[in-house]
1. Mind checking which pairs have a first residue in the range A:29-46 that is in contact (Cβ under 8 Å) with a residue 24 or more places away in the chain and in a helix (DSSP H, G or I) and a second that is of a type in the set (V, I, T) and loosely packed, with under 14 Cβ neighbours inside 10 Å, Cβ under 6 Å, 6 or more apart or different chains?
2. Filter the range A:19-38 down to the residues that are among the β-branched types (V, I, T) and surrounded by fewer than 10 Cβ atoms within 10 Å (Cβ to Cβ) and list them by number.
3. Please count how many residues of the range A:74-106 are more than 21 Å from A:D213 (Cα to Cα), within 16 Å of the chain's Cα centre (by Cα) and of a type in the set (S, T, Y).
4. If the requirement is being within 14 Å of another protein chain (Cβ to nearest Cβ) and under 12 Å from the mean Cα position of the chain (by Cα), which of these qualifies: A:L184, A:L177?
5. Consider only pairs whose beta carbons are under 6 Å apart and that are at least six residues apart or on different chains; among these, list those whose first residue lies in the range B:26-39 and is more than 15 Å from B:G66 (Cα to Cα) and whose second residue is assigned to a helix (DSSP H, G or I).
6. Right, A:L115: surrounded by 12 or more Cβ atoms within 10 Å (Cβ to Cβ) and more than 30 Å from A:M16 (Cα to Cα) or not?
7. Considering every residue within the range B:43-51, establish whether at least one is surrounded by 16 or more Cβ atoms within 10 Å (Cβ to Cβ), out of contact with any helix residue (DSSP H, G or I) (no Cβ under 6 Å at 6 or more places or on another chain) and modelled with pLDDT under 90.
8. Of all residues in the range B:57-76, how many are at the interface with chain A (Cβ under 7 Å from one of its Cβ atoms) and either touching a Phe, Trp or Tyr at 6+ places or on another chain (Cβ under 7 Å) or of a type in the set (D, E, K, R) (or both)?
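The values are calculated or read from the model by the stated rules, or taken from the named source; none is laboratory data. Small disclaimer: the values here were computed from a predicted structure and weren't measured. Because the Cβ atoms are built from the backbone with ideal geometry, glycine has one as well, and the counts that use them run over all protein chains shown. Heads up: the accessible areas ignore ligands, DNA and RNA and are worked out on the full protein's heavy atoms, side chains in. Shrake-Rupley method; radii C 1.70, N 1.55, O 1.52, S 1.80 Å.
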Amino acid sequence: MGQGVLLTESADIDFMIHGVFSYELFGQTVWITTTHICVLIVMLVIIAFCLAANRAIKYASEVPGTFQNIVELVVEMLDNMVGGVMGKFSPKFRNYVGTIFIFIFLSNISGLFGLRPPTADYGVTFALGIMTFTLIHYNQFKYQKVKGVIAGLCDPWPIWAPINMIGEIAVPISLSLRLFANVLSGTVMMALIYGLLSKIAIIWPAALHVYFDLFSGAIQTYVFCMLTMTYISNACTTD
Amino acid sequence: MEFNTNFILGCSAIGAGLAVIAGIGPGIGQGIAAGHAAAAVGRNPGAKSDVTSTMLLGQAVAETTGLYGLLVAMLLLFVKPLGK
């Protein structure tokens, strides 16, 4: 390549996904990338937290200690969030929404700890979108039956069906692209600041970390879970 | 050809710059949403948390089109689909 695109040729700007090692599977080369390792680290943190929380709740005391207080706060917050949006359907979907909330939130803020956020890989967010998509349509068929689904597809007139179908398929794509692009833009911006301004990037990038990792990550987590809950409770409602 | 590759890369950079103009629309939209939310809180301060969460949700959905422009720019700059 020529020198025209300076950015990608310079060695100290680095926000791409790297392969760590590869192996052969059915004649194809499959790479274990940095994303896999970051997801693994996030998962280990969540598992350790869960084990400690399980222990704290099992030996719960009447006057809660610090850790038990934190666990109760998190669970109560998630319960209130799901209950406020989904109403009577909330007991069924509390565990799913809580799980993806904690996973996405920890993934988004893992940029603070020097990892490359796993949600800045389209593979991860698309998997989350597909999970939500499956849940939406499973519940739609369960609650509205085949008749209701077909009636919803031919909403104003039957000729509208292809457009409605495209709208249904666009849901997981826009859901996952929104999360991906937000986290990726933060990652790229921080990589550019650390790469191009490395001489003067002393303390002030901390403020940008607060915005790009903490604030933006929390907002996008909230939005993803909110939209998931709205779509699912729409699919559950029969009219 | 040497000239051809450089020419295509330069055009890709210009295209990336044009693609992020898509950020104008979401910016205006988010500003309007925030302004109306501020007016709503001024009229009914008790509903502040509800208004804020609704505003954030609407803004995040409105942001999507701008992010598509950003993604196109990223693809043009870093993946370079045309320069190969």
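1. none
2. Once the filter is applied, which keeps residues that are among the β-branched types (V, I, T) and surrounded by fewer than 10 Cβ atoms within 10 Å (Cβ to Cβ), the range A:19-38 yields only A:T29.
3. 1
4. After applying the criteria, what remains is A:L177.
5. So the pair list comes out as B:A33/B:M55; B:A33/B:G58; B:A33/B:Q59; B:A37/B:V51; B:A37/B:M55.
6. On the way: surrounded by 12 or more Cβ atoms within 10 Å (Cβ to Cβ): yes; more than 30 Å from A:M16 (Cα to Cα): no.
No.
7. Filtering the range B:43-51 for residues surrounded by 16 or more Cβ atoms within 10 Å (Cβ to Cβ) gives B:51.
Next cut, out of contact with any helix residue (DSSP H, G or I) (no Cβ under 6 Å at 6 or more places or on another chain) only: none.
No: zero hits.
8. 0
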